[in-house]
Amino acid sequence: MSEIIVSSLIFAAALGLIFTEKVHRTIVGIVGAVIMVGAGLLMGFYSEEAAVESLNVETLALLFGMMVMVALLQPTGFFQYLAIMAGRWSKGNPVRLFILLGALTTVLSMFLDNVTTVVLIAPVTILITELLGLSPVPFLISAALLSNTGGVATLVGDPPNVLIGSAVGLTFNDFLTHSLPVIVFVWMASLGLLVWLSRAELGANPKAAQRIKNLDPAKALEDPKTARKVLIVLGTAVLLFFIHHLMGISPAYVALCAAAAALLWVRPEDLTTVFEHVEWPVLIFFAALFVMVGGVESAGAFEKVAELFAGLAESTSPRLFGVLMIWVVALLSAVIDNIPITVALIPVLQSLGAAGIDVTPLWWALVFGAGLGGNGTIIGSTANVVVVSLSEKTRHPITAAFWLKRGLPVMLLSCVVVSLLYALFFPLFTR
């Protein structure tokens, strides 16, 4: 029990420092990881080998591969081209642009990993808001929140979905019939709330809108030849993201292959500049976060959560337990990465099923809770951290406190909508 207390205190202290923002989160992550491993070695619940094993290499590799391709695209002017086109489609109307980018982000996240989606969408968002004289903050937060939401709708949209689908045998069509209809309502409610929360920042700027009409998108492309090469590789990668599970390869491997192919084809003169655009602090922070979460898991904290779930399942009606599970998983996912939470709960549900309990509806409760809970805080999902990191390069960096004002209400509303629909149509989730 002492191991659980110590590891939880270390993790809680790191989270507290991250939210106070007195120290950069990457520094907090490194120090927290070092202390977690040190405490584990002293108390015998964690080791250096276990810390290395806790690293989610797939997430880090996926991020790195996509960041390399974005770095190759940046000097070509392609993102400026997209920004001008988006401005023209929206006719300079901030609310229309907000909805347009939100819808695009959500649809992409249904078929691509949400991290991949925000890595591609965020640079365009920053450029178009600068052209219109708008704060990028509400648009960037919306991109992360709606990418997390859209990812819940399909089997391949979010890592927890892939884990659950593989463990239970849920198919792509199962998600389309069970998760997608629910997420459509969640998306509409979330987008409506985001528009209302951002109403003060979505004021129109007629002069900026007129300026965008006078801009020629074609002139923004400074190096169309290189842009074309990278886009061909990126398009191929996107197609492989759709079918990677059929080929027996991971999205991370696809991203790394695409990055290698793009580098080989483009052969940039200054490779140092390319790698300078890779968000190394983000990668290091995630590595440190995985190490800290691994320490909490090794100490046995997740097993206690599993025991709690088992006890509730025996003493609560299936419908009510499913709703409770959505909320508990969502709250845990807001402060701990949803992947280890999902990994810890899969064997718990499997054991409940072996004991004769119908766990079919509980798998969907786990899907909804893990996917939507990540919206609550800046560390709730990988996409959130990426967006926050990119915002630090603008004049309007996103703070942890500000994220809570936008992300937490969206998470709570999402969970309310999901809980109502889950309870109302509970028999549908038992099949």
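Go through segment 15-32 and give me each residue that's part of a helix (DSSP H, G or I), at pLDDT below 85 and not polar (S, T, N, Q).
Listed by number, the residues that qualify are 15, 16, 17, 18, 19, 25.
In this structure, is residue 5 touching a residue at least 12 places away in the same chain (Cβ under 8 Å), farther than 19 Å from residue 380 by Cβ and not small (Gly, Ala, Ser)?
no
Across segment 334-391, what is the number of residues that are among the aliphatic types (A, V, I, L, M), within 27 Å of residue 51 (Cα to Cα) and not in a helix (DSSP H, G or I)?
So the count comes out to 3.
Answer yes or no: is there a residue in segment 323-332 that is over 30 Å from residue 29 (Cα atoms) and in a helix (DSSP H, G or I).
Within segment 323-332 (the criterion being over 30 Å from residue 29 (Cα atoms) and in a helix (DSSP H, G or I)), the answer is yes, since at least one residue qualifies.
Taking interchain pairs and intrachain pairs at least six residues apart, which have beta carbon atoms under 9 angstrom, with the first residue in segment 299-326 and more than 15 Å from residue 357 (Cβ to Cβ) and the second aromatic (Phe, Trp, Tyr) and outside any helix (DSSP H, G or I)?
These pairs meet every condition: 299/45; 299/46; 300/45.
Right, residue 64: farther than 30 Å from residue 233 by Cα and within 22 Å of the chain's Cα centre (by Cα) or not?
Answer is no for this residue.
Please report, ordered by residue number, the helices (runs of 4 or more DSSP H) entirely within segment 33-152 with at least 3 residues that are in contact (Cβ under 8 Å) with a residue 40 or more places away in the chain and farther than 22 Å from residue 380 by Cβ.
The qualifying helices (runs of 4 or more DSSP H) are 48-53, 57-73, 78-90, 94-111, 114-131.
Which condition does residue 296 not pass, out of (1) free of Cβ contacts under 8 Å to residues at least 60 places away in the same chain; (2) in a helix (DSSP H, G or I), if it passes all the others?
Residue 296 satisfies all of (1) free of Cβ contacts under 8 Å to residues at least 60 places away in the same chain; (2) in a helix (DSSP H, G or I) except (1).
Within segment 176-204, which residues are touching a residue at least 40 places away in the same chain (Cβ under 8 Å) and aromatic (Phe, Trp, Tyr)?
185, 187
I'd like to check which helices (runs of 4 or more DSSP H) are fully inside segment 220-287 and have at least 3 residues that are buried (at least 18 other Cβ atoms within 10 Å of the Cβ) and touching a Gly at 6+ places or on another chain (Cβ under 8 Å).
Once the helices (runs of 4 or more DSSP H) in segment 220-287 are filtered for at least 3 residues that are buried (at least 18 other Cβ atoms within 10 Å of the Cβ) and touching a Gly at 6+ places or on another chain (Cβ under 8 Å), what remains is 251-266.
What residue, among those in segment 280-298 that are more than 17 Å from residue 342 (Cα to Cα) and within 16 Å of the chain's Cα centre (by Cα), is modelled with the highest pLDDT?
287
Under 7 Å between Cβ atoms, which residue pairs at least 6 apart in sequence (or on different chains) link something in segment 412-431 that is over 19 Å from residue 150 (Cα atoms) and of a type in the set (S, T, N, Q) with a partner that is in a helix (DSSP H, G or I) and at pLDDT below 95?
Pairs found: 430/360; 430/361.
When you scan segment 336-370, how many residues do you find that are among the small types (Gly, Ala, Ser), surrounded by fewer than 24 Cβ atoms within 10 Å (Cβ to Cβ) and in contact with a helix residue (DSSP H, G or I) (Cβ under 9 Å, 6 or more places away or on another chain)?
Residues flagged as among the small types (Gly, Ala, Ser), surrounded by fewer than 24 Cβ atoms within 10 Å (Cβ to Cβ) and in contact with a helix residue (DSSP H, G or I) (Cβ under 9 Å, 6 or more places away or on another chain) within segment 336-370 amount to 4.
Within segment 158-188, how many residues turn out to be surrounded by fewer than 16 Cβ atoms within 10 Å (Cβ to Cβ) and outside any helix (DSSP H, G or I)?
2
Of all residues being touching a Ser or Thr at 6+ places or on another chain (Cβ under 9 Å) and under 28 Å from residue 279 (Cα atoms) in segment 27-46, which is surrounded by the most Cβ atoms within 10 Å (Cβ to Cβ)? Just the residue, please.
36
Can you report the number of residues in segment 1-11 which are outside any loop (DSSP other than H, G, I, E, B) and loosely packed, with under 13 Cβ neighbours inside 10 Å?
So the count comes out to 3.
Residues in segment 305-322 that are surrounded by 14 or more Cβ atoms within 10 Å (Cβ to Cβ) and in a helix (DSSP H, G or I): how many?
Of the residues in that region, 10 qualify.
The values are calculated or read from the model by the stated rules, or taken from the named source; none is laboratory data. Keep in mind that what you see is a predicted model, and the values were worked out from it rather than measured. Quick reminder, even Gly has a Cβ in these numbers, built from the backbone with ideal geometry, and neighbours come from all protein chains shown.
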